[in-house]
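Student: Pasting a structure below so you can have a look.
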Amino acid sequence: MAILKVDTISGIGTEGPVFEGDIEFTSQNFLTLPKGDTTQRGRGRGIIAGGSPGTDNNEQIEVINIQSDGVVTEFGELASARRGCAGCSSSTRGLIGGGTATNPSPSFTSSVEQIQLATTANATTFGNLNNNTRNIAGLSNQTRGLFAGGGDNPTFIDVIDFFTIASAGDATDFGNLSVTRKGTTGVSSPTRGLFGGGIVPSVINTIDFVTIATAGNATDFGDLVDTFFFCGGVSSTTRGVWGGGATPSKSNVIQFVTIASAGDATDFGDLTDERGPDNSQICSHTRGLFVGGENPGPAACNIIDVITIATTGNATDFGDTRTTTSQSAGCSDSHGGLSE
């Protein structure tokens, strides 16, 4: 039996029940009230956008139900095909930025496109990064989206740009990474963002961190377990996890850090197979997906692995993307940068 006590209830028959005053909830069972409001119903959507099947760039966008193994469906298309792009998102809007617009003769782009995560439709124009760049990292909280590093033909850059996700427009300078690099990967809590690994052109194990709400240069956080670039990155509100990538040989390593506490990464487990460029960070607060990548390379694969972020252990098979992909962008409506 459960008892719910409130001072008043209004809105019956109109906008729905509205509880006012102090609320007390007592239950003899293992039951808790749901968190959030009605806008959060149905959350758990992950997006894969762009990428390359191995010969050409891709404009497709696919949607994944993170809590339901193997459910991958068509979402829409980007305005322009691209690979080496990055994604970030609030709970309602996703941003896909940068990348190589043509293949095999690279044409780097600064364009950023937006999608509404709750609906299936094509992406539309949002704004521009401060550089034409590819192989960049993205991370975000509910308010801000950050893009960092990348290859700016013919050099690498250390720039961190940010957007206010709710407002279309061009990027604002946030600061700089501690090391100029491409192929770094971002993970985030609601307050902190971490960028791990990369290539400068030698492969590095550096982890940088920033406070998302405060513009400024990145600070040293610690080191990955080895030198890595093009990892996949997922996070809960407390833990950041990187999987796969290259050392420069293909890797199946999964490693994690506690985002609030600076320090080196710790071994988490292994992916189901060795994989190169993943670059897709698709996760809820509880589950992380590692999508596609080169297996063994340069051919792309359609593998999706899944982990439970709060526990350590090897990844298991989730399902497959509809087509093979590597260097795609990922985002979701329920990642670790968003408060529960």
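Student: Can you pull out the residues in the range 68-122 that are surrounded by 22 or more Cβ atoms within 10 Å (Cβ to Cβ) and without any contact (Cβ under 8 Å) to a residue 24 or more places away in the chain?
Tutor: None - no residue of the range 68-122 is surrounded by 22 or more Cβ atoms within 10 Å (Cβ to Cβ) and without any contact (Cβ under 8 Å) to a residue 24 or more places away in the chain, so the list stays empty.
Student: Among the listed residues A218, A246, identify the single one that is among the small types (G, A, S), modelled with pLDDT of 95 or more, more than 18 Å from the chain's Cα centre (by Cα) and crowded, with 21+ Cβ neighbours inside 10 Å.
Tutor: Numbers: A246 fails: modelled with pLDDT of 95 or more.
Going through A218, A246 in turn, the sole match is A218.
Student: Out of the residues in the range 193-203 that are in contact with a strand residue (DSSP E or B) (Cβ under 7 Å, 6 or more places away or on another chain) and surrounded by fewer than 21 Cβ atoms within 10 Å (Cβ to Cβ), which is modelled with the highest pLDDT?
Tutor: V203
Student: From G297, G269, G292, which residue is of a type in the set (G, A, S), buried (at least 23 other Cβ atoms within 10 Å of the Cβ) and either farther than 28 Å from A118 by Cα or modelled with pLDDT under 95 (or both)?
Tutor: Among G297, G269, G292, only G292 is of a type in the set (G, A, S), buried (at least 23 other Cβ atoms within 10 Å of the Cβ) and either farther than 28 Å from A118 by Cα or modelled with pLDDT under 95 (or both).
Student: List every residue pair whose Cβ atoms lie under 7 Å apart, where the two residues are 6 or more positions apart in sequence or sit on different chains, the first residue falls within the range 272-287 and is in the same structural domain as V253 (by TED's automatic domain parsing), and the second residue, located anywhere, is assigned to a strand (DSSP E or B) and among the aromatic types (F, W, Y).
Tutor: Pairs that qualify, where the first residue is in the same structural domain as V253 (by TED's automatic domain parsing) and the partner is assigned to a strand (DSSP E or B) and among the aromatic types (F, W, Y), are D278/F290.
Student: To continue, here is another question. Look at L271 and say whether it is within 13 Å of the chain's Cα centre (by Cα) and either in a strand (DSSP E or B) or closer than 19 Å to G193 by Cα (or both).
Tutor: no
Student: While we're here: Only residues that are closer than 21 Å to V210 by Cα, among the small types (G, A, S) and part of a loop (DSSP other than H, G, I, E, B): list them for the range 307-340, please.
Tutor: S334, G336, G337, S339
Student: Sticking with this one: With the structure loaded, tell me whether S27 is at pLDDT below 90 and within 20 Å of R322 (Cα to Cα) or whether it fails that test.
Tutor: Working: at pLDDT below 90: yes; within 20 Å of R322 (Cα to Cα): no.
The answer is no for S27.
Student: How many residues, within the range 310-329, are closer than 23 Å to A123 by Cα and in contact with a Leu (Cβ under 8 Å, 6 or more places away or on another chain)?
Tutor: Matching residues across the range 310-329 total 0.
Student: Here's a follow-up. Taking only pairs six or more apart or across chains, which ones have beta-carbon atoms under 7 Å, a first residue in the range 147-162 that is among the hydroxyl-bearing types (S, T, Y), and a second residue that is modelled with pLDDT under 95 and not in a loop (DSSP other than H, G, I, E, B)?
Tutor: Between residues of the range 147-162 that are among the hydroxyl-bearing types (S, T, Y) and residues that are modelled with pLDDT under 95 and not in a loop (DSSP other than H, G, I, E, B), there is no close pair.
Student: Taking the conditions exactly as written (small (G, A, S), under 23 Å from L117 (Cβ atoms) and in a loop (DSSP other than H, G, I, E, B)), does S261 satisfy them or not?
Tutor: no
Student: Related question: Hey, could you check the range 300-333 for residues that are hydroxyl-bearing (S, T, Y) and without any contact (Cβ under 8 Å) to a residue 24 or more places away in the chain and say which is surrounded by the fewest Cβ atoms within 10 Å (Cβ to Cβ)? Full working, then the answer.
Tutor: In the first step, residues of the range 300-333 are kept if they are hydroxyl-bearing (S, T, Y); the result is 308, 311-312, 316, 321, 323-326, 328, 332.
With without any contact (Cβ under 8 Å) to a residue 24 or more places away in the chain added as a condition, the list becomes 308, 311.
Working: T308: 13, T311: 10.
Once the filter is applied, the top-ranked residue is T311.
Student: While we're looking at this one, here's another question. Look at S90 and say whether it is at pLDDT 70 or above and more than 21 Å from G151 (Cβ to Cβ).
Tutor: Against the criterion (at pLDDT 70 or above and more than 21 Å from G151 (Cβ to Cβ)), S90 qualifies.
Student: Working carefully through the options Q67, Q114, find the one that is modelled with pLDDT under 95, in the same structural domain as T172 (by TED's automatic domain parsing) and more than 20 Å from K182 (Cβ to Cβ).
Tutor: Details: Q114 fails: modelled with pLDDT under 95.
On inspection, the qualifying residue turns out to be Q67.
The values are calculated or read from the model by the stated rules, or taken from the named source; none is laboratory data. What you see is a predicted model; the values in this text were computed from it and never measured. Quick reminder, even Gly has a Cβ in these numbers, built from the backbone with ideal geometry, and neighbours come from all protein chains shown.
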